[in-house]
Amino acid sequence: MVSNTAQTAAVSEDLPPASPRIRLADGRYLAYRESGVPKNKANYKIIIVHGFGSSKEMSFLAPQELIDELGIYFLLYDRAGYGESDPNPKRSVKSEALDIEELADQLELGLKFYVIGVSMGSYPTWSCIKHIPHRLAGVALVVPVINYRWPSLPDHLIKDDYRRKLIKWGLFFAEFAPGLLRWWVTQKWLPSTSVLERNPVFFNSRDMEVLKTIPGFPMLSQEKLKQQGVFDTLHHDFKLAFSRWDFDPMDLSNPFPQNQSSVHIWQGYEDKVVPFQLQRYISFKLPWIQYHEVPDGGHLIVHYAGLCEAILRALLLGEEHLHYKPTIAKIVS
């Protein structure tokens with residue numbers, strides 16, 4: 001059964017690995033966690049890709065009844081450098097997809113599998129659509145991050161976006177002054193993770209209620225950030241997500257040209273981390289993407305009651321929940 005506890009593991013510099021791991025072709029280890037029905041009895045095999053500061057212990061609150069009824073097997077893993085997985089000194093957007101493919105092969109998931117990427121776990125998921133489309137049975141991107149360096153994003157939608165400016169400054173310090181950045185985020189006079197966990201700049205009212213029931217972002221605490229391994233992992237993940245990629249998602253082709261499956265984006269209308277306007281634009285430019293919007297949703301919609309079930313029903317069964325179908329007359333192009 002999928003855990004109902006949204007625990008977040010951090011890179012451990014002292015303890016030996018407690019989770020099962022595979023050894024990749026380049027010698028690195030990836031740690032993983034399995035849940036749902038046994039793999040050999042599964043009708044659907046889904047790899048879930050966690051976001052920034054998270055891990056394979058993230059929650060995906062699918063009802064056990066649905067898991068048993070449909071026969072769903074889940075595979076969650078620590079991305080490179082996170083949790084109990086080794087860092088990848090040659091990490092790239094493409095290598096993230098290749099890690100997923102090798103993980104699937106070593107655990108014998110079969111020729112095709114589903115991928116669900118959450119928040120910053122979306123850039124490995126976009127990479128799967130680009131680099132291993134032939135391995136995909138279906139894809140869902142949940143509140144996927146936007147890389148403002150994608151060439152196809154129209155200037156009139158991004159030029160005044162404060163998030164773009166924040167990311168620009170973050171990239172500057174990550175590239176040219178990582179030591180200063182680390183010093184800044186570990187100062188005792190800063191309010192630690194409360195900046196993220198209780199700040200209405202980042203989260204709407206419904207998100208704030210969710211944050212009362214989950215541990216939040218332990219990996220982003222000052223104590224964890226003092227660990228060089230933790231800081232390096234977050235630092236490199238941020239740079240990779242928002243630097244130039246080897247492709248523009250809006251140049252991608254439909255991985256399911258015969259409509260044998262589908263790609264989905266799930267977005268909160270009130271998301272303050274990722275603007276809904278850009279998600280609507282992407283789904284407009286890529287009409288093969290099925291777009292779903294949570295009217296009162298923020299960035300933490302994956303923790304909302306009923307959302308994971310809706311995501312699975314849309315992805316696996318093609319069921320559209322009318323409540324999440326946006327009523328938009330026109331998308332600005």
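The values are calculated or read from the model by the stated rules, or taken from the named source; none is laboratory data. What you see is a predicted model; the values in this text were computed from it and never measured. Here the Cβ positions follow ideal geometry from the backbone for every residue, glycine too, while neighbour counts run over all protein chains shown. Ligands, DNA and RNA are excluded from the accessible area calculation, which covers all protein heavy atoms including side chains. Shrake-Rupley method; radii C 1.70, N 1.55, O 1.52, S 1.80 Å.
Being open to solvent by 10 Å² or more (accessible area, probe 1.4 Å) and either touching a strand residue (DSSP E or B) at 6+ places or on another chain (Cβ under 8 Å) or assigned to a loop (DSSP other than H, G, I, E, B) (or both) narrows it down to one residue among Leu111, Leu66, Leu75; which is it? When all the criteria are applied, what remains is Leu111. Which members of segment 78-95 meet the condition of being open to solvent by less than 20 Å² (accessible area, probe 1.4 Å) and in contact (Cβ under 8 Å) with a residue 40 or more places away in the chain? Selection gives Asp78, Arg79, Ala80, Gly81, Tyr82, Gly83, Ser85, Val93.
For segment 218-232, the criterion of a residue being assigned to a loop (DSSP other than H, G, I, E, B), modelled with pLDDT of 65 or more and closer than 23 Å to Ala80 by Cα is satisfied by at least one position. Checking each residue in segment 47-74 for being farther than 18 Å from Ala305 by Cβ and more than 14 Å from the chain's Cα centre (by Cα) picks out Asp68, Glu69, Leu70, Gly71, Ile72, Tyr73, Phe74. Of all the residues in segment 277-319, those that are charged (D, E, K, R) and more than 26 Å from Ser205 (Cα to Cα) number 3. Here Ser122 clears all of (1) open to solvent by 20 Å² or more (accessible area, probe 1.4 Å); (2) out of contact with any helix residue (DSSP H, G or I) (no Cβ under 6 Å at 6 or more places or on another chain); (3) within 30 Å of Tyr269 (Cβ to Cβ); (4) not hydrophobic (A, V, I, L, M, F, W, C) except the condition numbered (1). For segment 275-289, the set of residues classified as in contact with a helix residue (DSSP H, G or I) (Cβ under 8 Å, 6 or more places away or on another chain) and either among the aliphatic types (A, V, I, L, M) or surrounded by fewer than 20 Cβ atoms within 10 Å (Cβ to Cβ) (or both) consists of Pro275, Gln277, Leu278, Ile282, Lys285, Leu286, Ile289, listed by residue number. Residue under question is Val145, and the condition is that it be open to solvent by 10 Å² or more (accessible area, probe 1.4 Å), of a type in the set (Val, Ile, Thr) and over 15 Å from the mean Cα position of the chain (by Cα); does it hold? Taking the combined requirement at face value, the residue does not satisfy it. So is Gln106 touching a residue at least 24 places away in the same chain (Cβ under 8 Å), farther than 16 Å from Val49 by Cα, in contact with a strand residue (DSSP E or B) (Cβ under 6 Å, 6 or more places away or on another chain) and not hydroxyl-bearing (Ser, Thr, Tyr) or not? In short, yes. So which residues in segment 8-54 are modelled with pLDDT of 95 or more, out of contact with any strand residue (DSSP E or B) (no Cβ under 9 Å at 6 or more places or on another chain) and open to solvent by less than 60 Å² (accessible area, probe 1.4 Å), if there are any at all? Gly27, Arg28, listed by residue number. Kindly indicate whether any position in segment 305-317 is closer than 18 Å to Met120 by Cα and in a strand (DSSP E or B). For segment 305-317, residues closer than 18 Å to Met120 by Cα and in a strand (DSSP E or B): absent.
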